[in-house]
Each structure stands twice: as C-alpha cells, then as structure tokens.
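The values are calculated or read from the model by the stated rules, or taken from the named source; none is laboratory data. No experiment lies behind these values; they were computed from the predicted model shown. A quick note on method: Cβ atoms are made from the backbone with ideal geometry, for glycine too, and the neighbour counts reach across all protein chains shown. Note: accessible area is taken over every heavy atom of the protein model, side chains too, but ligands, DNA and RNA are not part of it. Shrake-Rupley method; radii C 1.70, N 1.55, O 1.52, S 1.80 Å.
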Amino acid sequence: MASSSSTLAAGLSAAGADAERARRPVRSLSGLLPFVRPYRGRVALAGLFLLLAAGATLVFPLALRSLVDEGLVAADPGARVMALRGHFLALFGVGAALALFSAARFYLVSWIGERVTADLRSAVYAHVLRQSPEFFETTRTGEVLSRLTTDTTLVQTVVGSSLSLGLRNSVMGLGALVMLVFTHPTVMIQVLGILIVVVLPSLLIGRRVRRLSRASQDRVADSSAIAAEVLNAIPVVQSYTQEAREAQRFATSTEQAFETARRRTRVRAFLVAFIIAATFGALLWGLFQGTQAVIRGERSAGQLGQTVLYVILLVSSVAVLSEVWGDLLRAAGATERLMELLAARSPVAEPAVPQALPPALGGSAVRLTGVRFHYPSRPGTPALDGIDLQVRPGETVALVGPSGAGKSTLFQLLLRFYDAQTGTVAVDGVPVHEAALQDLRARIGLVPQDSTLFSADALENIRYGRPDASDAEVIAAARAAFAHDFISALPQGYATFLGERGVRLSGGQRQRIAIARAILKNPPLLLLDEATSALDAESERMVQAALEAAMVGRTTLVIAHRLATVQRADRIVVLEHGRIVETGRHAELVERGGLYARLAAMQFDTVALQNAG
C-alpha cells in the first residue's frame with residue numbers, strides 16, 4: 001500500500017512538473033504586465049484594430065464566393081460586367097479596410113513595444129544602480145549590460161510584433177474554424193484533427209527551444225562580460241602583450257555561444273519543417289474533400305473557393321502561431337533573466353521609518369561600537385574584528401596600517417555599502433541602518449584612491465558633486481583643489497571632453513578633479529582614501545594644502561600609506577588584521593616602537609634611499 005501511495009505521489013509530482021514547465025513561459029512573460037498596464041488604453045485600441053483587421057480578412061472569402069457564384073453566372077454579358085464591377089469594388093473595399101486597420105495596429109503595437117522596452121530597460125538599470133557592492137561581487141558588469149541590451153531587444157520583438165501577430169492569427173484561426181463549422185463541418189473536423197497532431201509535437205519541441213534560448217542568451221552574456229572587462233583594462237592587456245590570448249578567450253566564448261545558438265536553430269528548423277509539411281497536408285486534404293463535394297453537386301464552385309480560403313487561413317494561422325510560440329519561448333527566457341535582476345534585493349535596505357539625522361554643525365560625529373564584519377565572498381575571514389572608535393565633530397583622524405587591515409572597509413560601512421554583522425556604526429548619533437540612505441550619503445564626501453571620471457567635460461565632472469552648483473562655484477572648487485590651472489590650459493578649458501574614465505588626463509590631474517568634486521559637495525564628513533596617492537611631490541604639497549583648508553569645519557577620516565600625509569592629524573589610528581592596535585599622535589606612536597613606528601621607519605628609510613639615489 002505504501003508503495004502504491006509513493007508511486008501515485010511520484011506520478012502526481014511528475015505531472016505537476018510537466019504542467020509547471022508548460023506554464024512557465026506564460027508566467028515569465030507575466031512579469032511584463034506592470035510595464036504594459038500604464039498603456040492599457042493604447043493596448044485596447046490596438047486590440048480593436050487587430051479585431052477589425054482579422055474581421056476584414058475573414059470577410060474576404062465571403063466576398064470571393066459572391067464574386068464566383070453571382071458575378072460569373074449572370075447570363076447577360078452587360079449584367080455580368082456590372083456584377084463583376086460591384087463585386088470587385090467590394091473586394092477592393094475589403095482590402096482597403098484591411099490595409100487601414102493593419103497599419104493602425106502595426107503603429108500602435110510597435111509604439112507599445114518600444115515604450116515598454118524603454119521603460120523596462122530604465123527600470124532594470126535604475127534597480128541595478130541601487131544594489132549594494134555585494135551584488136557586483138557575484139554579477140559581472142558585462143552580463144548586466146547583455147541583459148539590458150540583448151534581452152530587452154528580444155522582449156521588444158515579442159511585445160512589438162510577435163505577440164500582436166499571434167493574437168491576430170489566433171482571432172483569424174478561430175474565425176476560420178467557426179466559418180468552417182457552418183460551411184463544411186466534415187472538412188473542419190478532419191482538418192482540426194490534423195492540426196491537433198501538429199500542435200502537440202510543437203509544444204513539446206518548444207520546451208527544448210526555450211531551454212536552448214536561455215542557454216544561448218547566457219553564453220552571449222558571457223562574451224559581453226569578457227569584452228567589457230578586457231576593454232576596461234586595455235593598458236594592462238597591452239603592457240603584458242596578452243592581446244592574442246584575450247582575443248582567443250573571447251573567440252572561444254563566442255564559439256560556445258554560436259554552438260548553443262546552432263543547436264537552438266536546428267531544433268527550430270526541424271519544428272518549422274514539421275509544421276509546414278503538416279499544414280500543407282491539412283490544406284491539400286481539405287481541398288481534396290472540397291473538390292469531391294463540388295463533383296457530387298453538394299457544393300458550388302464559390303463555396304469551394306470559400307472553404308479553401310478558410311482552410312488556408314486556419315492552417316496558416318496555426319503555422320504562424322507555432323512560429324510565434326518559438327519567439328515567445330525565447331522572450332520568456334529573456335524576461336526571466338530581466339526579472340531576476342528586478343527581483344534582486346540589496347541586503348542594504350532602506351529603513352521602514354527612517355530616523356532623521358540631526359544638523360551637523362562643525363562636522364559630523366562618528367562612532368563604531370563592537371563592529372565585526374566579513375565580506376559575503378569571504379565569510380571565514382573577518383575584515384573588521386571588534387572595532388571601537390569614536391571621532392568627534394571637526395576632528396581629523398588618520399587610519400594607518402598594512403594593506404588588508406580594514407581601513408577601506410571602515411569607509412564602506414560608514415557609507416553603508418555593507419552592513420556590519422555585529423555592532424553599531426553611527427553618524428551624528430544615528431545608527432546608519434536607521435537613517436535614509438540618501439540623507440546619510442548626502443553628508444559624506446568621498447575621494448577614492450582610484451579616481452573615477454565620466455565621459456563628459458571637466459565642468460560636469462566636478463559638478464557631479466553638486467548638480468545644482470553654478471559655474472562659478474565649480475571653478476572655485478577647482479581652484480581650491482589646485483585644478484584650475486591645468487583645466488584652463490586644456491583645448492576648450494572647462495568644456496574639454498575628458499574621454500572615457502578621464503583617459504586624456506594624467507593620474508594626478510584626475511585625482512585633483514575628484515578632490516574638487518568632493519570640495520564642491522561641501523559635506524560635514526570627508527573620507528579621503530589615499531587622496532594624494534597619484535600625485536607627484538609638488539602636486540601633493542598643493543593638494544595637501546587644499547585638503548587641509550577643506551578639512552576646516554568638518555570631520556575628516558584619512559587613509560594614507562604616506563605617513564607624511566597624516567603627521568598633522570589630530571589622532572592616528574593604527575589597524576592590523578581588522579583590529580585597532582594603536583592610537584595616538586605621530587610622535588607618541590613613534591616613541592612606543594610598535595607597528596606604526598616600524599611602518600614609519602621603513603617608509604622614511606625608503607625615502608632616504610630614493611633621495612640618495
């Protein structure tokens with residue numbers, strides 16, 4: 001009995017799995033409904049024109065029957081000419097109506113497809129921008145770009161044409177089926193039986209097409225990811241003479257995408273051949289049955305023509321629907337990938353009821369209490385291990401330590417790119433996870449070690465710190481960062497296009513523009529992550545003076561490997577292996593002979609050797 005029950009359960013489970021697979025394409029595409037719903041008025045109008053166009057198509061066989069049975073049988077030649085003229089005018093009217101309704105349907109459906117695709121692409125991009133850095137630890141940028149381009153193009157094809165084509169042929173096929181019931185039920189039953197034989201294998205083959213479509217899109221995304229990564233690192237690739245290797249790696253990935261696409265195309269080609277052969281068989285069978293009825297005197301020649309046209313409409317509609325089904329399967333795979341991005345939820349979430357941050361007068365207060373944190377990709381290795389740190393408003397604190405000590409991680413927790421597993425990170429007395437992200441990050445200015453510039457001119461790159469700033473305020477920030485002189489010397493001054501990622505500037509120039517951007521933002525809390533690392537000695541002195549002026553009246557946390565940069569800090573915090581091991585001023589820490597003293601000795605010895613050389 002138990003065995004029978006388990007067998008029954010397994011059977012039900014398998015049946016349920018099959019049903020689930022059959023429903024998945026429709027369910028995947030249902031994710032597009034929120035993007036279609038705002039335009040339901042246009043969708044309804046497109047549906048109306050679709051019905052009118054299908055109706056005009058279905059009226060055509062009736063007009064043709066009248067032409068044959070009435071226009072060609074009149075005995076009087078004059079009457080025959082007049083009858084033919086009237087019937088041809090009626091046929092032209094049907095054709096003109098079909099053209100008008102089809103054009104209106106095409107425009108509306110194409111508009112909806114373009115609009116929905118643009119909205120979907122914008123929604124996915126905006127959603128990805130709100131993801132925490134944890135998302136990008138496992139998701140490659142090239143894959144996201146592939147989904148934003150290739151996948152949305154597939155969705156546009158379906159929403160803008162294939163879906164409309166499928167609906168129109170569904171209406172025409174159903175209409176032709178109904179007309180066959182009234183005109184030739186025997187032929188209808190036989191043709192319908194043949195079509196069922198066609199549809200069932202098409203559905204089964206379609207499942208494999210859908211799986212292969214998803215796999216093909218994944219392989220294309222892999223190629224895009226490789227290309228995006230390598231093109232962003234061209235100087236490194238060329239300096240290590242790895243052009244041939246990278247080209248081969250991309251070619252291998254592209255070949256894998258081609259092979260997957262070839263398998264998908266082979267299955268679809270077999271499906272097309274099967275459908276065409278079966279539908280032609282159904283058409284010829286219907287024609288044979290109709291001619292036999294005419295020979296027996298059961299039908300007129302006009303009725304035969306009408307029946308043949310309806311059979312053609314029915315069979316061709318099924319053939320087109322099978323093709324559309326293949327497109328829907330491909331679009332279902334693309335929609336799944338896009339919905340996966342939209343379904344991704346950042347672990348750094350906005351609080352349900354954000355707590356307002358108090359005014360920051362003279363700088364922000366920072367407090368870390370018992371903070372322990374490890375990156376999601378390295379759960380066994382703590383990046384911060386029991387950090388307790390308090391920074392007073394207006395204080396300048398330098399963070400020093402070997403690479404991997406946790407200095408940059410501390411910045412990322414303050415900006416709430418990640419949430420600590422234990423402990424509290426607070427800014428101005430408010431835990432960062434209780435403050436609105438916009439408010440928290442609005443009062444923090446960051447100058448990263450790798451300065452990031454955008455494909456725009458110098459003016460807009462600095463204005464990124466405060467988009468509503470005037471040109472005069474931007475120029476003042478550039479002067480404060482000692483960037484005004486070299487910007488003015490550019491071919492178009494502040495209007496000079498800086499190239500992608502600022503490739504037309506030196507590393508030091510890019511760094512000074514990034515500092516100007518932070519100065520323009522004028523935040524109460526300033527985070528400097530090796531802000532002068534890319535500068536030569538002269539530029540460093542100028543920027544250091546600018547930064548010291550910018551530090552006045554605000555709290556500043558400085559990460560620096562160059563100890564000369566932090567000697568004038570109010571306090572130096574030394575980290576090692578995610579823990580604070582020393583705290584004090586430069587002279588005090590050197591006297592203690594600990595980690596800071598060893599780092600200082602090594603660095604000053606290196607400087608002495610360089611000067612001697």
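Once the other residues with Cβ under 9 Å from the Cβ of P448 are scored (Lys, Arg +1; Asp, Glu -1), what is the net sum?
On the way: positive: none; negative: D450, D529, E530.
Local charge sum for P448: -3.
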### Query
Where only protein heavy atoms count, and the probe is 1.4 Å, what is the accessible area per residue for the stretch 306-428 in Å²?
38
### Query
For L490, what accessible area in Å² do you get when you roll a 1.4 Å probe over the heavy atoms of the protein chains, rounding to the nearest 10?
40
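Can you give me the % of accessible surface on the stretch 348-402 that is carbon or sulfur? Probe 1.4 Å, all protein chains present, nothing else counted.
Numbers: 1550 of 2670 Å².
Answer for the stretch 348-402: carbon and sulfur cover 58 percent of the accessible area.
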### Rounded Å value of the spacing that divides the Cα centres of the stretch 90-112 and the stretch 355-382
62
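Placing +1 at every Lys and Arg Cβ and -1 at every Asp and Glu Cβ, with all other atoms neutral, what dipole size does the stretch 425-480 have around its Cα centre, in debye to the nearest 20? Before the final figure, lay out each step's value.
Values: 5 positive and 9 negative charges, 22 e Å.
For this selection, approximately 100 debye.
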